[in-house]
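Engineer: My questions will all concern the structure given below.
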Amino acid sequence: MKFLKLFRRELGQEILLWEKEGLLSSESADKILKFENIERSSLQVGTSLLRVIAAFLVGLGVILLLNRNWNDIPEFIRLIGLISVTLYVQYQGIKSKEGNGEYSGSLLTLGAILFGATIFLVGQMYHLGIHFNLGFLLWALGVIPLGYLSNTLFVSIIGAVAALVWMQNQEIAWFYPLLVVPSFVFALKRDSIILFLISSVGAFIFGAQVLDYFDTQTKVAMLLSFGLLPVVLSLGDSFKFSGIGTFLKLWSLRGMLLLLFIFSWVDYWENALKGNVHQYTILYLGLAIFGSLILLLNPSKWAKIISLGSLLFLGVFPFITWEYSILLFILTNLFIVFLSILFMVKGIKGKNSKLVSFGAFYLIALALARFFSVDTDYVVAGVIFVIVGVFFLFFESWLKRRLIA
């Protein structure tokens, strides 16, 4: 069921199917849908997304038609017409939402698009092209609260995209956190991976802007970027019963394992350890913020150990010189071997064939990486591959019997 939460619509459709087949009463289905924060109206006949797409296309068509004939319309009529149509569509959307209307989401989405069109067309009317980027800020300021208060996901997505466009075209957008925090809150409330990812991209770009503003060294920025992985892991583990939590936990762990595999080559350690980090204040302030977030999120014991341990290593990293790259290379490879065996043991005990297969794959990938990083005779290599292949055939047969038993 946890994995199904990555596909909230499919989960909702399953609940409606159980209700239709008499496995659930209407009251129980409504309670489950409410618990999962899924609106029943968004699941009817499977056409809610099509209605939103229709609203988007209508809004886009209106913008193109207005732009084509814009100069032929008197200025006063343009202004009154834009404002009137936008307010009317928004009013109808809010009214329909209050009555649980079928087209409330479409109307509010269309209203959000028309609001942005009004801003830019009025700006074009009064030749405010120099402040073009400000239009995206005004659009976001008007749409983000509407999406949150009306509980309309697509409106919030439009607002998050508008805020992102405005922010990335600024040298540094100090106001951006006030826009992205509501988007994060609403994404968690609705368990929307799309809105969460858009907000995360914006937060990452904003963080890069802040580091660039303080003329941060590349190595410091790199270490802080690495520090985001354990934060994401803790966030995913803290919300493990949601689609976002499952998604973040899965991909942060994959990211950490991939990063570990990359540093199983000594060359990466040598390049990373060259040069000193002088901006200790920026580095340790960032790591302290990450650590505080992890403690506030309150992940499980193992996630907390992994996350805080990773941040501790990043804090020690600046004091390690490149002469220790060989030692770190050896330790990394040993750690990967340990993790691979741990995955396989956990998989066997839990009768989880996927975990066992991943542990075996991770171990084989490391062995192949080390094998091809040194010069070896092809005959010797062929014999080794045959022996290892035969071993895994017997291992697979033994594992199958163990998992079924």
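Engineer: Residue check: is PHE372 surrounded by 12 or more Cβ atoms within 10 Å (Cβ to Cβ) and not polar (S, T, N, Q)? Please lay out each step first, then the result.
Structural biologist: Details: surrounded by 12 or more Cβ atoms within 10 Å (Cβ to Cβ): no; not polar (S, T, N, Q): yes.
It is false that PHE372 is surrounded by 12 or more Cβ atoms within 10 Å (Cβ to Cβ) and not polar (S, T, N, Q).
Engineer: How many residues are of a type outside the set (Ser, Thr, Tyr) and not in a loop (DSSP other than H, G, I, E, B) when one looks only at the stretch 261-279? Give the derivation first.
Structural biologist: Residues of the stretch 261-279 of a type outside the set (Ser, Thr, Tyr): 261-263, 265-267, 269-279.
Subsequent filtering for residues that are not in a loop (DSSP other than H, G, I, E, B) retains 261-262, 266-267, 269-273.
The number of residues fulfilling the criteria is 9.
Engineer: Name the pairs whose Cβ atoms lie under 7 Å apart, with the first residue in the stretch 243-259 and of a type in the set (Val, Ile, Thr), the second open to solvent by 20 Å² or more (accessible area, probe 1.4 Å) and not in a helix (DSSP H, G or I), and 6 or more positions between them or separate chains?
Structural biologist: Matching pairs, first to second residue: THR246/LYS2; THR246/LYS240.
Engineer: While we're on this one: For the stretch 237-264, give me the residue count where each residue is in contact with a Gly (Cβ under 8 Å, 6 or more places away or on another chain) and either buried (at least 16 other Cβ atoms within 10 Å of the Cβ) or of a type in the set (Val, Ile, Thr) (or both).
Structural biologist: 10
Engineer: Ok, one more. Tell me which residues, restricted to the stretch 148-179, are surrounded by fewer than 16 Cβ atoms within 10 Å (Cβ to Cβ), in contact with a helix residue (DSSP H, G or I) (Cβ under 7 Å, 6 or more places away or on another chain) and more than 21 Å from ASN133 (Cβ to Cβ).
Structural biologist: Within the stretch 148-179, none qualify.
Engineer: Can you confirm whether SER292 is assigned to a helix (DSSP H, G or I), open to solvent by less than 90 Å² (accessible area, probe 1.4 Å) and of a type in the set (Ser, Thr, Tyr)?
Structural biologist: On the way: assigned to a helix (DSSP H, G or I): yes; open to solvent by less than 90 Å² (accessible area, probe 1.4 Å): yes; of a type in the set (Ser, Thr, Tyr): yes.
It is true that SER292 is assigned to a helix (DSSP H, G or I), open to solvent by less than 90 Å² (accessible area, probe 1.4 Å) and of a type in the set (Ser, Thr, Tyr).
Engineer: Taking into account only those residues within the stretch 186-199 that are under 24 Å from GLN170 (Cα atoms) and open to solvent by 40 Å² or more (accessible area, probe 1.4 Å), which is farthest from the chain's Cα centre (by Cα)? First the steps, then the outcome.
Structural biologist: Kept after step one, since they are under 24 Å from GLN170 (Cα atoms), are these residues of the stretch 186-199: 194-199.
Checking the rest, the ones that are also open to solvent by 40 Å² or more (accessible area, probe 1.4 Å) come to 194, 197.
Details: ILE194: 7, LEU197: 3 Å.
It comes out as ILE194.
Engineer: For the stretch 188-206, give me the residue count where each residue is in contact with a Gly (Cβ under 9 Å, 6 or more places away or on another chain) and either farther than 19 Å from LEU248 by Cα or part of a loop (DSSP other than H, G, I, E, B) (or both).
Structural biologist: The total comes to 2.
The values are calculated or read from the model by the stated rules, or taken from the named source; none is laboratory data. Predicted, not measured: the structure shown is a model, and the values here were computed from it. Methodologically, a virtual Cβ is constructed for each residue, glycine included, from the backbone with ideal geometry; neighbour enumeration extends over all protein chains shown. For accessibility, only protein heavy atoms count, side chains too; no ligands or nucleic acids. Shrake-Rupley method; radii C 1.70, N 1.55, O 1.52, S 1.80 Å.
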